[in-house]
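Below: one structure, written as structure tokens.
The values are calculated or read from the model by the stated rules, or taken from the named source; none is laboratory data. All of these numbers come straight from a predicted model, not from anything done at the bench. All Cβ positions, even for glycine, are placed from backbone atoms using ideal geometry, and neighbour counts span all protein chains on display. These accessible areas exclude ligands, DNA and RNA; they are computed on the full protein's heavy atoms, side chains included. Shrake-Rupley method; radii C 1.70, N 1.55, O 1.52, S 1.80 Å.
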Amino acid sequence: MESTEFTGAGIVFMILTWGSILSLTAYCFYKTLWEDRSKIIGTLEVEAEIDEEEKYE
Amino acid sequence: MNQNREKWGSKIGVILAVAGSAVGLGNFLVFPGRVVDNGGGAFMIPYLTAFILIGIPLAWVEWTLGRYGGRQNHGSGPGILHAVIGRPYAKYLGSLGVMGPLLIFFLYVYLESWILGYIWYSITGMLSAAARQGSTAEFFENYISMKATVLGIPAALFFFIITFIINFSVIYFGIRRGIEKTVKILMPLLIILGIGLVIKVLTLDNLSRGLAFMWNPNFSMLLNANVWFDATSQVFFTTSVGIGAILTYASYVKKDQDIALSSLTANSTNIFIEVIVGGTIVIIPAVIFLGAAQAQDVTTGGIFSLGFITMPMLFIEMGEITAYIVQLTWFILLFIGGVTSSISILQPGLSFIEDELNMKRKKAISILGAVTLVFSLIIIAGGTTAIDQADILGFQLSLLVFGAVEAVLFAWVLGVKKGWKELHRGADITVPRIYQYIITWITPTFILLLLVFWLYDGGLRQLLLLDIGSEQTVEVLGRQVGEKNFILFLRTLFLGLFAAINITIYRAFNKGEA
């Protein structure tokens, strides 16, 4: 493959690909952290409780 | 059966663990070459198509099967498939979910140890010195042929032992205190280091040449079936499905904890690292410093050559201090990717011993440690030939077969309706209904086609050793032996291990231990 000028098509591909991947990743993490907070699964308090339980096992 | 199975402490923990399992050497050393070879930016069309039709749904399948099996206190392929399908043959099919990751680990831990060695050589400046002299190939050859030493013993062996201990130290502490704590530190670090390298690359002179090489689309390549095969196989291998690691990790998820969103998050993290980090930090510097033609040669010339020989020489072009930092960052990045993957592929074997044989972790780790140490040393002694065999049988064949087994069992034996309900138990998102059809028809068909294509495209020839002449020899422990005989010897050992796993399954399930 010859190296050429970075074409308009190349710019579009890169922006679309980066944009969709970044958007999907950001959405997923945002939703995960939001759901975690609201369901109280994976919070520090829950981890501390599990640590406490395991101490006595 | 192990009644006191651990659970992940947090959703982020299991997501980072699965993402860590997926992110590995392939993200940085295989993906760039595939893009370059298959039409640049246009490759992203089949790649993203395959991600949507295979990567995402198959990950959902594996997470679902895993969590379901975990509810019945099973954490590896045999027990999980037995719990899900309930037919006598299921547990033996599941044995691939133990054998496959073991085969991969035997070779992967050794490759990972090379990276640790190169971290050391980066810190001491020895690698930079070799790069300045243009002798990185010789440097690499000295390392893997055991000529380079540390404290009087071959460096390759020295760093292998340390890497082996690191892996077992992590899994010794279990899912929460071991794996989860480790990935919660390492994965954010990997992402930060990766973004740092991306920013550095994006500030290089002549950046547009590198971006053009990577992203300018060559649409004519899309008419080539090989491009679609390469994209599908890259997505399949990058998402870590078919190994059994996700199956095992998901078995430690609480029964009503979301897996739909978790799976998607882990998948998207992996793709982010592959496309944005992997797709930037290798090809662009290669084009800028070597030119387009040579960049194409090196990115497609093999992962060892690219990672250990070419990249150090590229870094030197950035100036002495920058090269030192970038080179060290590169190898730390690779090592983190390697460790988070290797601990995930150890876990199915450990879970199998703990859950199906009802063994305490200490004893289970001793057995697993002994088996993996012996076979890893055999791989080391066998050199490239042994590495190739573990790669073909573990990384390629076993993955494809087990991936196909999972997809077919989920879609056509268990049934998508049942699986769909299980997937949505506790789900934080609603999976689009169209995925019912995709999981039923498209995903299993694609994977079966991938398996057939792999066999047709050279896989069968490799399995039957058709390209190895009877007069060809390899060096093993300083002696020349017939290559075919050595491979058959290796395969006999692997088959013996596979048989032992299946005999163990038979005894465990018939004695009611499982």
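With +1 on each Lys and Arg Cβ and -1 on each Asp and Glu Cβ, how big is the dipole of region B:355-493 about its Cα centre, in debye rounded to the nearest 20?
With only Lys, Arg, Asp and Glu charged at Cβ, the dipole is about 740 debye.
DSSP loop (so not H, G, I, E, B), at most 12 other Cβ within 10 Å: list which trypsin sites (Lys or Arg not before Pro) in region B:125-196 pass both filters.
Qualifying residues, ordered by number: B:147.
Please report Rg over Rh for region B:141-216, where both radii come from the alpha carbon positions and Rh follows the Kirkwood definition.
1.19
Given +1 on the Cβ of Lys and Arg, -1 on the Cβ of Asp and Glu, and no further charges, what dipole in debye does region B:1-100 carry about its Cα centre, rounded to the nearest 20?
That gives region B:1-100 a dipole magnitude of about 400 debye.
In deg cm²/dmol and to the nearest 500, what is the mean residue ellipticity at 222 nm of chain B if only DSSP H runs of at least 4 residues count, each as -39500 (n - 2.57), divided by the residue total?
-20500 deg cm²/dmol
Counting Lys and Arg as +1 and Asp and Glu as -1, each charge on the Cβ, what is the dipole of the protein assembly as shown about the Cα centre in debye, to the nearest 20?
So the dipole magnitude of the protein assembly as shown works out to roughly 1500 debye.
For residue B:149, which sequence-distant residues (separation of 5 or more, or a different chain) have an amide H within less than 5 Å of its own amide H, given hydrogens modelled in the peptide plane?
B:155
Name the long-range amide H neighbours of residue B:476: under 5 Å, sequence gap of 5 or more, or other chain; modelled H, no Pro or chain starts.
B:481
Show B:44, B:221 ordered by accessible area, largest first, where the area counts protein heavy atoms only and the probe is 1.4 Å.
B:221, B:44
In the structure shown, do any of B:91/B:511; B:181/B:360; B:255/B:417; B:181/B:421; B:181/B:254; B:147/B:200 have a Cα-Cα gap over 23 Å, and if so which?
Beyond 23 Å between Cα atoms: B:181/B:421; B:147/B:200.
Of all alpha-carbon pairs in region B:432-481, indicate the percentage at a distance above 11 angstrom.
Tail of P(r) above 11 Å: 76 percent of Cα pairs.
Once you put a point 7 Å from the Cα of residue B:135 and another 7 Å from the Cα of residue B:225, both along the Cβ direction, what distance in nm separates them?
With each label placed 7 Å out from Cα toward Cβ, I get 4.9 nm.
How far is helix B:11-22 tilted, in degrees, relative to the longest principal axis of the Cα atoms in chain B, given as a value from 0 to 90 rounded to the nearest 10?
In chain B, helix B:11-22 runs at an angle near 60 degrees to the longest axis.
As I understand it, the value is the acute angle between the Cα axis of helix B:155-172 and the longest principal axis of the Cα atoms of chain B; what does it come to in degrees, rounded to 10?
Here the helix axis deviates by roughly 30 degrees.
At 1.4 Å probe radius, can you tell me the per residue accessible area of chain B in Å²?
36
Hey, if you drop one equal point scatterer on each alpha-carbon of region B:472-511 and run the Debye formula without solvent, what base-10 log of I(q)/I(0) do you get at q = 0.22 Å⁻¹?
-0.69
Applying the Karplus parametrisation 6.51 cos²θ - 1.76 cosθ + 1.60 with θ = phi - 60° to the phi angles of region B:78-88, what ³J(HN,Hα) value in whole Hz is obtained for each residue in order, glycine and proline being reported as x?
Ordered by residue, 3J(HN,Hα) equals x, x, 5, 5, 4, 5, 6, 9, x, 9, x Hz.
Over region B:368-448, calculate the relative contact order: mean separation of alpha carbon pairs under 8 Å at least 6 apart, over the residue count, as a percent.
29
Using the Cβ atoms and a cut-off under 11 Å, what net charge is assigned to the surroundings of residue B:46, where Lys and Arg are +1 and Asp and Glu are -1?
Net of charged neighbours comes to 0.
Considering chain B, what Rg and Dmax in Å follow from its alpha-carbon atoms?
22.1, 68
What do you get when you divide the Cα radius of gyration of region B:84-193 by 2.2 N^0.38 Å, with N the number of residues?
With N residues counted in region B:84-193, Rg over 2.2 N^0.38 Å equals 1.43.
With unit charges on the beta carbon (Lys/Arg positive, Asp/Glu negative), name the residue among B:378, B:424, B:435 whose Cα is farthest towards the positive pole of the charge dipole of region B:344-444.
About the Cα centre, the residue reaching furthest to the positive side is B:424.
Just to be sure I understand the interface: list residues from region B:293-309 that lose 20 Å² or more of accessible area between the chain on its own and the complete protein assembly, 1.4 Å probe.
Those are B:296, which lose 20 Å² or more relative to the chain on its own.
Tell me the angle of helix B:483-510 to the major Cα principal axis of chain B, expressed in degrees between 0 and 90 and rounded to the nearest ten.
Helix B:483-510 sits roughly 30 degrees off the main axis of chain B.
Remind me, relative contact order of region B:433-514 in percent, using alpha carbon pairs under 8 angstrom and six or more residues apart?
12
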